[in-house]
Every structure is written in C-alpha cells, then in structure tokens.
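Student: Starting off with a structure, shown below.
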Amino acid sequence: MKSSSQIAPTVTAHPTGRLARVWPHLVEFATGTGAATNLWVRWLVLRAVGIVYVFVFAGIVSEGQSILAPTGLAPAAASFQALASTPAIDAFFKAPTLFWLNPGTAMVAALAWVGLGAAVALVLNLWPRLALSVCWLAFLSFVGAWGEFTPAQLDGLMLETALLCIPFAPPGLRPGLGANSPPRPITIFMMRWLLFRIMFESGVVKIISADPHWRNLTAMDVMYQTSPSPTVLGYWMHQMPHGYHVFEIALTFAAEIVAPLLAVLGGRRGRWWAFLIWTPFQIGIQLTCNFGWLNLAALGLGLLLLDDDMLAAAAKKIRWRSMGRALASVPRSDPSPPDSALARYGLRGALGLHFSLTLYYFALTCGLPETTMPSALASPIKAVGSLRSANGYELYANLHPTHFQVDFEGSNDRGRTWRTYPYRHLPQLVDRAPRFTAPWFPRFENTVFFESGRQGKTSVIPATAVKLLLRNPEVMQLFAVDPFSDRPPNVVRMRRYRLVLTDLSTYRQTGHYWRKEFAGDYLPALFLTPTGEISQFDLAPAEAALAAGNYTIARGLFEEQYRLGNLEAGFRLADFYALGLGVPVQPPKVFEIFSALANGGDFRGWHGLGLCHEFGVGVPVDIAKAAAAYERAADGGHILAMLARGRLSSRDQLMPRDDVAGLSWLITALDRVPGDDPLARSIREQQPAEVLKLQARMPSGAIAAARATAARRR
C-alpha cells in the first residue's frame, strides 16, 4: 500500500547551511509530503467550504432579486446595455457571467437555487468536484453582474477557494475520505499557498499602509466602532483600555505575520503554533465584528495547517479516544490509476498559471508598484483578473476613523413628520443592543454602509430612494418592516449620520449603545409630483431669484419647495421673515417655522429654536429653554449649537450654572469644526478665548471632567 507521501515527486535539491535545517519543513508544508496523510483534513476543509457557500447562496436567494432582477437596484440587463458597443469577448471579460444568456428574474432565481443546491451537495460530500465547479460558476455569475454590490475581498476569497478546491477534492459521486485518491502534492501546495497569502498579505499591508492607526497603535481603538455592524461583544471590547487594544494589535500581527512564517519554516510544531494563534484570532473577530463569512472561511482554511496525525494527536490529548482511533485509522488503499499525460500536464499548467498570477498580486500587495508590469502583460492579467479567482488580500489595511451611515426616511405628509425605514442589521436605534449576524452577509446593507462613508456619490443610495418611493416590493423586503403600511410616502430623504459607540457611564445612565449625530443630507430628497413622477428637491431657481433681488419670486419658490417637504427651503423662509426680505419682519412666523422643522426631527431646527428663546424671536426670552434647545441640536452634532450652549455658560447667562457641560461642548465643537472655510477659521480664532474664560473660574477637577466628557464624544 502506498501513502500520499510515496506518490509525491522526489525532491532532488539538497540545500546546505541554515537553509538545510528548514528546507524539510518548507517542503513538507508546501507539498504535504511526509509520514502523515491529509485525507481527514481535506474532508474537513471541503465541508467548511460547503458550509460557507450555503451562507453565500442563501444570502443570494434572499437578496438576489432585489439587486439584479429587472426591477431591482442594479438590473443585470442595464449593465449589459452599457457594454453593447464593446466587442463580445471584451464585454464578457468585463462582466463574466451567465446572465449574458438571460438577465431575467427566472435566471436570477435559477442560479441562486442551483448554487445553493451545489453547496448543500458539497456539505454532504456528494460529487464534490462537480459541486465546487457549480458553486464557482454560479457565484462568478453574480459577482460579475452586480457591480457596486460586490465587496472584492469577500467574494474574491470564495471564488478563488472554490476554484482551487476542485482539483484538491476527491473524484467520484460519493468519495467518502477519498482514500484511493489522496490529494496530489501540487494541490496541497496551492491550497496552503492560498492560506499563507490570506494570512501574510493581510499583515504586510497593515505595516506598509499609510493609515496612521496601525502605526500609532490606535487601530483597535476604532475598529469595533467603524465596522459596519459590530456585535454586542464588540461594544464591550470597545470599552477596554488602550493597553488592551495594543495587545490586540500585537495578536493581529502575531496571527498575520508570525503565524504564517512559523507554519512554513517551523515544521509540525510551527504549524501547531500557527494554528493555535490563527484560530482564536479568527473566532474573536467573528464574535465581535460581523464581517460576514470572512472569518468562518478563514477558520476552515486554517485546518490546512494540520495533517491527519496532528488531528489524531489532538483528539488523544483531549481524551476523545474514539475519535482519535478513527482519525488514526485512515484507510490506506491503492491509489487510482495514474492520470493521462494530458490530464497531468494540463493540471500542472493550469495551477502554474494560477500560481504565476498570485505571485503578481502578492508582489503588488507587498508594495511593488503596478507600473513595473510590462504593458504586454497588463491587459491579459486584467482580463483574467476579472474572474476574481486569483487575488491579493488587503484586509483592513486602512480604517475609516468615522462610522457614517445613510438612513432612508420617508414622509407621507410633505415633510411634517418623518419615519425611518428600519434596516435588518445595521445600527439605527441607539438603545438597541448590537446583534450577531455573521456568517450571514447582508449584502445590501453593507453596500449602503461603505457607500455612506465615501467621498463620491454612487447610484446605490439614490436608486434605493427611488424604489422606496415607487413601493418596489423587491427593495421593500430588504428592510425589516414597511413604516408606511397606512399611506404611502410622497417624500424620501437620504440622511447621513455619524455613529459613535458610547462609553460605559453613558450606557449606564441612558441605556444607549450609540450616539447618533446628523451629518447632512447625502443627496437632496426625492418626491412624487402630483402627476406621479419622481423629482428631486431643487433650490437653484429660488436661489437665483434671491441673488437677483426678486424677493417675491424667490419666496414663492421657497414656499413651493417647503410645501413639498424640502426642509432646507424652510430655513430660507425663516430668513425672509427674520430679515424682512420682501415681507414685513414677522418673529412669530420665524418661531413657527423653526418649531415645525424641529418637530420634524431636524437638528438645525432645534438650533433655530434656541436662537428664538435666547434672543426673544417670536417668544419671550428664556435662557433655560434656549440651552435645552441648543443641547438637543448639539446632541445631533450641530457645531454652532455646541458653541452656543458653551457660550451661555462662559458668559454666565445660564442659571443654575453648568460649567462642566458648557466647557465640554466648547471643547467638542473645537474638536469637530470641519474644513478651512471662513466660518471654520473664525471659530478656531474666537472660541479658545471662550474656553479660557470659562476655565478661569473652574477648579481643576471640573475642567478634567469637562475634558473627559468631550473626549467621550469623539
């Protein structure tokens, strides 16, 4: 009887010196040669890949129609129309997908369910090579079609994994362990090379990245807060002191730099250490950050660090004697007849090409400039790269310091009241405990999250607003409930919020996990015209009339927009009545407008109410009410309201005095003031004097308390 080690190619190179000590370990890691088999390891890895693909295709069954169907957010047919003038072969490589055959609803459903069936078959070990081929082809069809809805790292990882698992898997309908078809050394090498790249590249890019968080050891101070949807454990981990977060960074580099090197150069003992570092690291991320199936896939591939003897030894160590005996008694039988020369060299050629591509992406990830690639090779590599089955892995090399999120809010009374469309998983309610969702990957919500934080605007968010106005059933089902079961909305706005995890003292006082601050409209709101058409709020004609001094026309246009639900027009109207632009000065009208805007949930409206109460615009002067209104607006992130609230304390207008709150708001405003426009420069020049004035009468303990409060708001 022959083991897999006996049918492996003979290594003829005999290095000397220091390399001689690690060379056998390197060869063993790369090819799996040695006394141990890899049958049970292969069996476990393939089951893990199958389980991940079940989650992949279950998500597509749930969301595929909402995204790709003819009435979805990114219809496949529309993307093909954009490629109509492109030569057929170029068009295919730009969008490699079976949806070229039929981009309709039936095809979306068919590919999703066929893929899910193949994933279940893989879990059940039924015709694994065919099941993997179907998973790869079906998933590639979705990845090639849905454009902005595909995160390159997650989708690319599963496409490359499925492709490499095809020759790694045993042949046959019900192969069991595949004892008569042990994994060929070249397939073990490619699978472990994939694992090594996932581990090592993820660490290298953090070192060479320009992101300061990894260099100044603050990455884990913001990681949980800036992930799309941290879990409740992530909330509690965020509360840990900075020293613990430095330890987490050390663990990250141990798992992503030290562990892969130990696995390659340290022999079986090194692979044990790599496994014992990598596995808890991935479990910890899975339990805290909700990164979809990423960490489950990494855990499954981490089993490639082991072999059958290592599994048996582990079972014996933890006294699972029956399992240890089963693992140790790996059936040994004669291998299948050798492949034909065509099949053998074809496999080597295909995997060699894949290896060459991964070397190129490995070099890019490790810092090689892309301009060094010869132009003659750039186009072929780009074409093959569109299959996303050979990748570089740059996982979280850069961290956005702020968690931005766009919420969709609708009104069926032209903006007097607003209702939020509730996401299923993303945080919206500040007092709702963050949930566990991984390995489920809510594709739509994650796309909205990433688009919310980008500088440029994409089609995903406005397209969603349009579908909500049209009451599109596929898109409506992406949200937890329909907030307009009584009467459809006639306005939908896209509001951008900044979310910050609260500290423990705030949580104990309020029960809030998040602080949520208004950060401006993502785009102007959309509304339904009386004829049923969709239009966008537009103040340009009114602004032009105002600039020309045509106050009557301008006011009429602003009033028209305000009646449609455009709250921005309401602020312009308040200026008309406050300054007497073409109309008599009417303070009660100003107060009425600001009250309506505040009751509609606009924090700028609360700031306006604060001004009214402070200066007696339409109501008697009431500093206490002014402070309360300013604080309400400041809680929502309104910079001028923060300054106004602090000013009331610094100038001793508020009784009873609350110097700690006043100073904390002044410091917060100075920390937050954006940009370098004239207003921002004015604030930076004038407000430090207010801070010093307030600090002059405060004891050191109160100043420290104010600064601590401001720090918690960052």
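Bear in mind these aren't lab numbers, they're just calculated from the coordinates by the rules spelled out. This is a predicted model, so every value here is computed, not measured. Cβ placement follows ideal geometry from the backbone for every residue including glycine, while neighbour counts extend to all protein chains displayed.
Student: So what's the angle, to the nearest 10 degrees on a 0 to 90 scale, between helix 603-615 and the longest Cα principal axis of the chain?
Tutor: Compared with the principal axis, the helix lies near 30 degrees.
Student: Lys467: which aspartates and glutamates have alpha carbons under 14 Å from its alpha carbon, excluding same-chain residues fewer than 8 sequence positions away?
Tutor: Those aspartates and glutamates meeting the cut-off are Glu409, Asp482, Glu533.
Student: Follow-up question, since we're still on this one. Which value does Rg/Rh take for the range 161-305 over its C-alpha atoms, Rh per Kirkwood? Could the numbers behind the result be given before it?
Tutor: Values: Rg = 17.4 Å, Rh = 16.8 Å.
In the range 161-305, Rg relative to Rh is 1.04.
Student: Same structure again: In Å and on Cα atoms, what radius of gyration and Dmax does the range 195-250 show?
Tutor: 12.3, 32
Student: Give me the Debye-computed log₁₀ of I(q)/I(0) at q = 0.11 Å⁻¹ for the range 451-590, equal point scatterers on Cα only, no solvent, two decimals.
Tutor: Cα-only, vacuum Debye calculation for the range 451-590: -0.60.
Student: Using a Förster radius of 56 Å, what is the FRET efficiency between Glu148 and Asp652 based on their Cβ-Cβ separation? Nearest 0.05, please.
Tutor: Details: r = 54 Å, r/R0 = 0.96.
With a Förster radius of 56 Å, E is 0.55.
Student: Is there a pair in Lys589/Lys625; Lys516/Lys693; Lys206/Lys317; Lys625/Lys693 whose C-alpha atoms are over 28 Å apart, and which pairs would that be? Each step should come with its number before you reach the end.
Tutor: Working: Lys589/Lys625 19 Å; Lys516/Lys693 30 Å; Lys206/Lys317 36 Å; Lys625/Lys693 23 Å.
Beyond 28 Å: Lys516/Lys693; Lys206/Lys317.
Student: If you don't mind, another one. For the range 492-561, compute Rg over Rh where Rg is the Cα radius of gyration and Rh is the Kirkwood radius from the inverse mean 1/r over Cα pairs.
Tutor: Working: Rg = 19.3 Å, Rh = 15.4 Å.
Rounded to two decimals, Rg over Rh is 1.26.
Student: For the Cα atoms of the chain, what angle does the longest principal axis make with the long axis of helix 700-712, in degrees from 0 to 90, nearest 10?
Tutor: Taking the Cα atoms of the chain, the angle to 700-712 is about 60 degrees.
Student: What do you get for the angle between helix 443-452 and the principal long axis of the chain? Use alpha-carbon atoms, 0 to 90 degrees, nearest ten.
Tutor: That helix lies at roughly 50 degrees to the long axis.
Student: Same structure again: Sort Cys289, Cys135 by Cβ crowding within 10 Å, fewest neighbours at the top.
Tutor: Details: Cys289 23, Cys135 32.
Placing the least packed residue first, the sequence is Cys289, Cys135.
Student: Which net charge results when you count Lys and Arg as +1 and Asp and Glu as -1 among the other residues whose beta-carbon is under 15 Å from that of Thr402? Present the calculation step by step, with values, prior to reporting the outcome.
Tutor: Values: positive: Arg454, Arg496, Arg498, Arg515, Lys516, Arg672, Arg713, Arg714; negative: Asp211, Asp221, Glu451, Glu517, Asp671.
Net local charge, Thr402 excluded: +3.
Student: Counting only C-alpha contacts under 8 Å and six or more residues apart, can you give the relative contact order of the range 570-646 as a whole percent? Display every interim value, and only then the final one.
Tutor: Values: 118 pairs, mean separation 16.2, N = 77.
Relative contact order of the range 570-646: 21 percent.
Student: Another question, then. Restricting things to Cα coordinates, could you compute the convex hull volume per residue of the chain in Å³? All intermediate terms of the calculation are to be shown ahead of the outcome.
Tutor: On the way: hull volume 152.6 nm³, N = 714.
Spread over its residues, the Cα hull of the chain gives 214 Å³ apiece.
Student: Let me have the relative contact order for the chain, percent, based on Cα pairs under 8 Å that are six or more residues apart. It would help to have the intermediate numbers written out before the result.
Tutor: On the way: 1151 pairs, mean separation 85.3, N = 714.
Relative contact order comes out at 12 percent.
Student: Using packing as a proxy for protection, rank 103-109, 508-514, 212-218 so that the peptide with the highest average count of other Cβ atoms within 10 Å comes first.
Tutor: On the way: 103-109: 17.4, 508-514: 14.3, 212-218: 15.9.
Top of the packing list down: 103-109, 212-218, 508-514.
Student: Counting only C-alpha contacts under 8 Å and six or more residues apart, can you give the relative contact order of the range 586-714 as a whole percent?
Tutor: Numbers: 175 pairs, mean separation 22.5, N = 129.
Value for the range 586-714: 17 percent.
Student: For Tyr522, which sequence-distant residues (separation of 5 or more, or a different chain) have an amide H within less than 5 Å of its own amide H, given hydrogens modelled in the peptide plane?
Tutor: Amide H to amide H, under 5 Å and 5 or more residues apart or across chains, Tyr522 pairs with Met494, Arg495, Arg496.
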